[in-house]
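Q: Input: one structure, supplied below.
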Amino acid sequence: MVPVVFVHGIRLSGAAWSEHLDLLGHPAKAVDLPGHGSRRGDRFTLDGAVDAVVGAVDEPALVVGHSLGGYVATAAAARHPESVAGLVVAGSTYLPGRTLEMPFRVAHRLLMRLPDRGEGLSRRQFRTALPPKVAEAVIGGGIATEVIPDVAKALAGFDVLAGLATYPGRTWLINGSRDHFRRHERRFLDACADGRLITVPKAGHYLPMTRGKEFAQLVLDAARGLSISGTGKPGASGGVVR
């Protein structure tokens, strides 16, 4: 099967994928984007984030991104399709723009006013929302609240639908049924050259981390599908599931 590269969400790190790396039993790695995890202090730019993803690819891989990671993975696939055998975009089907940018900027300002820059509140949030082992991995990897303005600026200027249309390979759009980031999923699906839309009932935005085994199985199914059908080579075509 093709290898897997995981790309994390905003403020998190590759540690968010620790459960999946254990579950897959398959060659996989997770990157830290600029400004996150081991790269806190680096300036986040979309170009730098794409470089981090492509730099982790030793051979054409299934690139799996959640939230911010989904947008970055899409940009990487559009710019370097030869490195991306397939694309999984989870919780990232909301069109970037002012309606997405402003809430993040407001949250950043509020958190940064707190004495601990929101660290305690963020830890409580993840411990409430995620399974204990996953929450501690996320917290251990660091919570990079300070990166929000740079991420918001980068995404506001990214035409994600054009990126999806540019990528010729197979794309899986995976959303929890309760995820507010699925608002434009049909427009995203229509933009894909070879797209599939999967909705997981009763799951929210943190689907990959709250339903780790289920999400890992979806990733494995995608990797196997690429290998069996021979679409591990970017540019191969297939059917569209709507």
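Q: State all residues of the stretch 148-160 that are out of contact with any helix residue (DSSP H, G or I) (no Cβ under 7 Å at 6 or more places or on another chain) and at pLDDT 95 or above; if no residue qualifies, say none. Full working, then the answer.
A: Keep residues of the stretch 148-160 that are out of contact with any helix residue (DSSP H, G or I) (no Cβ under 7 Å at 6 or more places or on another chain), which gives 150, 153, 157, 159.
Result: Asp159, single match.
Q: With the checklist (1) under 21 Å from Phe181 (Cβ atoms); (2) open to solvent by 20 Å² or more (accessible area, probe 1.4 Å) in hand, flag the one item Thr93 doesn't pass.
A: (2)
For every residue, the table says whether it meets (1) under 14 Å from Tyr94 (Cβ atoms); (2) open to solvent by 40 Å² or more (accessible area, probe 1.4 Å); (3) among the small types (Gly, Ala, Ser).
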residue: Ala152; (1), (2), (3): yes, no, yes
residue: Val160; (1), (2), (3): yes, no, no
residue: Phe181; (1), (2), (3): yes, no, no
residue: Arg186; (1), (2), (3): yes, yes, no
residue: Cys192; (1), (2), (3): no, no, no
residue: Ala203; (1), (2), (3): no, no, yes
residue: Arg211; (1), (2), (3): no, yes, no
residue: Phe215; (1), (2), (3): no, no, no
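Q: Could you pull out the residue among Gly41, Gly14 that is of a type outside the set (S, T, N, Q) and at pLDDT below 95?
A: Details: Gly14 fails: at pLDDT below 95.
Exactly one of Gly41, Gly14 is of a type outside the set (S, T, N, Q) and at pLDDT below 95, namely Gly41.
Q: Also: More than 20 Å from Val63 (Cβ to Cβ) and assigned to a loop (DSSP other than H, G, I, E, B), is that true of Lys202?
A: Numbers: more than 20 Å from Val63 (Cβ to Cβ): yes; assigned to a loop (DSSP other than H, G, I, E, B): yes.
Yes.
Q: Examine the stretch 42-57 for a residue that is within 21 Å of Ile174 (Cβ to Cβ) and small (Gly, Ala, Ser), and state whether such a residue exists.
A: yes
Q: Suppose the filter is aliphatic (A, V, I, L, M) and at pLDDT 95 or above; does Val106 pass it? Walk me through it before giving the result.
A: Numbers: aliphatic (A, V, I, L, M): yes; at pLDDT 95 or above: no.
Here the answer is no, as Val106 does not meet what is asked.
Q: Out of (1) in contact with a His (Cβ under 9 Å, 6 or more places away or on another chain); (2) within 20 Å of Val31 (Cα to Cα); (3) open to solvent by 50 Å² or more (accessible area, probe 1.4 Å), what's the single condition that is false for Ile148?
A: Answer for Ile148: the failing condition is (3).
Q: Any residue in the stretch 112-127 that is touching a residue at least 60 places away in the same chain (Cβ under 8 Å) sitting within a Cβ distance under 9 Å of a residue that is polar (S, T, N, Q) and surrounded by 15 or more Cβ atoms within 10 Å (Cβ to Cβ)? List the pairs, counting only those 6 or more apart or interchain.
A: Ser122/Thr145
The values are calculated or read from the model by the stated rules, or taken from the named source; none is laboratory data. What you see is a predicted model, and the numbers here were worked out from it, not measured in a lab. All Cβ positions, glycine included, derive from the backbone under ideal geometry; neighbour counts span all protein chains shown. Ligands, DNA and RNA are excluded from the accessible area calculation, which covers all protein heavy atoms including side chains. Shrake-Rupley method; radii C 1.70, N 1.55, O 1.52, S 1.80 Å.
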